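What follows is a set of notes on a single structure, which appears directly below.
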Amino acid sequence: MKKIFYFAALLAMPAMAQQPLTVADFENLEVPADGHISVSTEADDERTEFVSGGYEFAHGCMSDWDYWYFFGYANRTKTKYETLDDQWNNVVGGGYNGSANYGVAYAAAFNGPCYVTPLSDEPVVVPGFYITNSSYAYNSLTGGDPYAKKFGKGDWFKLTITGYDADDEPTGTKEFYLADLRDASKAYIINDWRYVDLSVLGAVKKLSFELSSTDNGDWGMNTPAYFCLDNFGAEGVEVLPEKNVTLPLEVATFEELEVPADGHISVSTEEDDERTEFVSGGYEFAHGCMSDWDYWYFFGYANRTETKYESLDDQWNNVVGGGYDGSENYGVAYVAAFNGPCYVTVLSDEDVIVPGFYITNSSYTYNSLTGGDPYAKVFGEGDWFKLTITGYDSNDEVTGTKEYYLADLRYADKAYIIDDWRYVDLSGLGKVHKMNFELSSTDNGDYGMNTPAYFCFDDFGAEGEEVLPEKNVTVGITEIVNRESVNSKCFDLQGRRVAQPTSGMYIINGKKVIR
């Protein structure tokens, strides 16, 4: 009778909780000083495994090629990647919490499934593990390599872990981003040890590991398929990194802005004098207009292909015809000083370095510089037309200034008036929140600058190389040709023969000449 009651009592007792497996910290594995697992085996291509704590890690290698895959381990303290031997390094230097050994995973898809197996007769819940980027992957993500691109806005590098039960059926998946640049305000690339919670996978008999990224080619993922791990099976709290990557702002190409065919931004508003803005890429451009006067100022945009200036409607034209590198839309700036400061603002939560932009002369200004107009003189020796850009940080403190000459006739042997697209390097301004644009010239009167205060621009925020124009203007004609040759070989800019040049720009003996 006692035996019956004892047996019944046993049945009534709750099942004893399964003991967690010993954490795999890799410290039990022998590693040469500043070394790693051997990739030498008896067979050319051998798939085997190694054990740490209560877990078995798949490992494979091809001895003849000094090539390994799946999981390995190391105790390197160097954090840089310079040669392929550095594939064993991680970005922290050493294991989690200052330990010596750590795991290294090379999980390229073409090697097949990459498994960790708990050493348990029954499926178990694996709490999680610690992870960081390998130096090889981090080097590629932050700077690119011969096979992979540098990561930019929208890119990501992800580890997917799938759990399997005793019947080899998936129990769930866990995604963890080793780099996530989809949201510029939260962009990060992991550079420390972070905990990955695997409890969501439930009780498992094995786990597979797979890497993916936004950089792929004909042979699969281009990003190096590495990560480093430690304390596999440990308890912890998953906390994603804070933002640690500042992404370049999207270039303002103006192509997303709707413009009528051969047209420009509307200067019609509900109010007579309205100051507003428009956005292209990662930048906000000040814009103002007086509807009753059909008058605008600061920044606008257009898609005109005509390069001449004949009437005020041609103020939207530039001397190239169209945008930079054959694009359609481009920006137009009218920055007369009496309208006040003319700002471009970066759309970022923090101050950033703006690489630069492309610039050319508007047709209106070019027409004035080369031939004069009712208000401005023809440019001659010693004259200049200059854009000054001033950077400001978030505290409205000046970060620096950049001067760029749209026309420079101070030196006869280098004289030029820009007539193509040229790059302006703004990196010297440092990190800015906004930039002010101001034009000045040597032609001024009682009401300020006489030269039309226009320029055209494109690809604001783009990378490029600043190269000043070569000499394209000959200042004066007396030292170049005699009067007889002038009379026979002088043409205006419309190609009409001119018997006696007056003030303006002409083609004399095949050269542009300011008279």
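Of the conditions (1) open to solvent by 20 Å² or more (accessible area, probe 1.4 Å); (2) of a type in the set (Gly, Ala, Ser); (3) within 30 Å of the chain's Cα centre (by Cα), Ser266 satisfies every one except a single condition; which number is it?
Tallying (1) open to solvent by 20 Å² or more (accessible area, probe 1.4 Å); (2) of a type in the set (Gly, Ala, Ser); (3) within 30 Å of the chain's Cα centre (by Cα), Ser266 fails exactly one: (3).
Which condition breaks for Ala234 when tested against (1) surrounded by fewer than 17 Cβ atoms within 10 Å (Cβ to Cβ); (2) part of a loop (DSSP other than H, G, I, E, B)?
Failing condition for Ala234: (1).
Would you check which residues across region 200-220 are under 29 Å from the mean Cα position of the chain (by Cα) and open to solvent by less than 20 Å² (accessible area, probe 1.4 Å) and list them? Before you say what the answer is, go through the steps one by one.
Our first condition is that a residue be under 29 Å from the mean Cα position of the chain (by Cα); within region 200-220, this holds for 210-220.
Result: Leu211, Ser213, Asp215.
Being loosely packed, with under 15 Cβ neighbours inside 10 Å, of a type outside the set (D, E, K, R) and more than 32 Å from the chain's Cα centre (by Cα) is the filter here, so list the residues in region 59-98 that pass it.
If the condition is that a residue be loosely packed, with under 15 Cβ neighbours inside 10 Å, of a type outside the set (D, E, K, R) and more than 32 Å from the chain's Cα centre (by Cα), then Trp65, Tyr67, Asn97, Gly98 are the ones that fit.
Among the residues of region 36-53, which ones are among the small types (Gly, Ala, Ser) and either modelled with pLDDT of 95 or more or open to solvent by 80 Å² or more (accessible area, probe 1.4 Å) (or both)?
Residues satisfying the conditions are Ser40, Ser52, Gly53.
Starting from region 135-159, keep only residues that are more than 24 Å from Gly103 (Cβ to Cβ) and without any contact (Cβ under 8 Å) to a residue 60 or more places away in the chain, then list their pairs with residues that are open to solvent by 40 Å² or more (accessible area, probe 1.4 Å) and of a type in the set (S, T, N, Q) whose Cβ atoms are within a distance under 8 Å, requiring at least 6 positions of separation or different chains.
As it stands, the answer is Lys150/Thr142, since those pairs meet every condition given.
Scan region 425-449 for residues that are in a loop (DSSP other than H, G, I, E, B), more than 20 Å from the chain's Cα centre (by Cα) and buried (at least 19 other Cβ atoms within 10 Å of the Cβ) and jot them down. Talk me through it step by step, then tell me what you get.
Step one: list which residues in region 425-449 are in a loop (DSSP other than H, G, I, E, B), which gives 426, 430, 433, 442-443, 446-447.
The next check asks that each one be more than 20 Å from the chain's Cα centre (by Cα); those that pass are 442-443, 446-447.
Result: Asp443, single match.
Find the residue count for region 103-119, including only residues that are of a type in the set (Phe, Trp, Tyr) and not in a helix (DSSP H, G or I). Give the derivation first.
Of all residues in region 103-119, those of a type in the set (Phe, Trp, Tyr) come to 106, 110, 115.
Applying the additional criterion that residues be not in a helix (DSSP H, G or I) yields 106, 115.
Adding up the residues that qualify gives 2.
Filter region 206-218 down to residues that are without any contact (Cβ under 8 Å) to a residue 12 or more places away in the chain and either assigned to a loop (DSSP other than H, G, I, E, B) or in contact with a Cys (Cβ under 9 Å, 6 or more places away or on another chain) (or both), then give me how many there are.
1
What single numbered condition from (1) acidic (Asp, Glu); (2) surrounded by 14 or more Cβ atoms within 10 Å (Cβ to Cβ); (3) farther than 26 Å from Lys386 by Cα fails to hold for Glu284?
Tallying (1) acidic (Asp, Glu); (2) surrounded by 14 or more Cβ atoms within 10 Å (Cβ to Cβ); (3) farther than 26 Å from Lys386 by Cα, Glu284 fails exactly one: (3).
Among residues belonging to region 131-171 that are in contact with a Gly (Cβ under 7 Å, 6 or more places away or on another chain) and open to solvent by 30 Å² or more (accessible area, probe 1.4 Å), point out the one that is farthest from Asn216 (Cα to Cα).
Restricting to residues being in contact with a Gly (Cβ under 7 Å, 6 or more places away or on another chain) and open to solvent by 30 Å² or more (accessible area, probe 1.4 Å), the top hit is Thr171.
Only one residue in Val251, Val259, Val239 is over 23 Å from the mean Cα position of the chain (by Cα), surrounded by fewer than 21 Cβ atoms within 10 Å (Cβ to Cβ), β-branched (Val, Ile, Thr) and over 30 Å from Ser120 (Cβ atoms). Which one? Walk me through how you get there before you give the answer.
Working: Val251 fails: over 23 Å from the mean Cα position of the chain (by Cα); Val239 fails: over 30 Å from Ser120 (Cβ atoms).
When all the criteria are applied, what remains is Val259.
What residue, of Glu27, Glu56, Glu122, is surrounded by 15 or more Cβ atoms within 10 Å (Cβ to Cβ), of a type outside the set (Ser, Thr, Tyr) and not in a strand (DSSP E or B)? Before you say what the answer is, go through the steps one by one.
Details: Glu56 fails: not in a strand (DSSP E or B); Glu122 fails: surrounded by 15 or more Cβ atoms within 10 Å (Cβ to Cβ).
From the options Glu27, Glu56, Glu122, the qualifying one is Glu27.
Does region 66-102 hold any residues that are in a loop (DSSP other than H, G, I, E, B) and among the hydrophobic types (A, V, I, L, M, F, W, C), and which are they? Explain how you work it out, then say what you get.
Taking region 66-102 first, the residues in a loop (DSSP other than H, G, I, E, B) are 66, 75-83, 89, 91-95, 99-101.
Of everything in region 66-102, those that are in a loop (DSSP other than H, G, I, E, B) and among the hydrophobic types (A, V, I, L, M, F, W, C) turn out to be Val91, Val92, Ala100.
Only one of (1) surrounded by 15 or more Cβ atoms within 10 Å (Cβ to Cβ); (2) of a type in the set (S, T, N, Q); (3) touching a Phe, Trp or Tyr at 6+ places or on another chain (Cβ under 8 Å) is not met by Thr474, so which one is it?
The failed condition is (3).
What pairs come up if the first residue lies in region 357-372 and is closer than 23 Å to Asp425 by Cβ, the second is of a type in the set (S, T, N, Q), and their beta carbons are under 6 Å apart, counting only those six or more places apart or on different chains?
Close Cβ pairs (under 6 Å, with a partner that is of a type in the set (S, T, N, Q)) amount to Thr360/Asn318; Ser362/Asn318.
For the condition out of contact with any His (no Cβ under 6 Å at 6 or more places or on another chain), among the hydroxyl-bearing types (Ser, Thr, Tyr), open to solvent by less than 30 Å² (accessible area, probe 1.4 Å) and assigned to a loop (DSSP other than H, G, I, E, B), what is the one hit in Thr223, Thr246?
Numbers: Thr246 fails: open to solvent by less than 30 Å² (accessible area, probe 1.4 Å).
Answer to the check: Thr223.
Please work out which residue is most open to solvent (accessible area, probe 1.4 Å), limiting yourself to region 1-24 and to residues that are modelled with pLDDT of 90 or more, of a type in the set (A, V, I, L, M, F, W, C) and part of a loop (DSSP other than H, G, I, E, B).
Taking region 1-24 and keeping what is modelled with pLDDT of 90 or more, we get 21-24.
From what is left, the residues that are of a type in the set (A, V, I, L, M, F, W, C) are 21, 23-24.
If we keep only those that are part of a loop (DSSP other than H, G, I, E, B) as well, we get 21, 23.
On the way: Leu21: 35, Val23: 51 Å².
Top of the filtered list is Val23.
The values are calculated or read from the model by the stated rules, or taken from the named source; none is laboratory data. On a predicted model such as this, the values are computed, not experimentally measured, just so you know. We place every Cβ from the backbone using ideal geometry, glycine too, and count neighbours over all the protein chains shown. Ligands, DNA and RNA are excluded from the accessible area calculation, which covers all protein heavy atoms including side chains. Shrake-Rupley method; radii C 1.70, N 1.55, O 1.52, S 1.80 Å.
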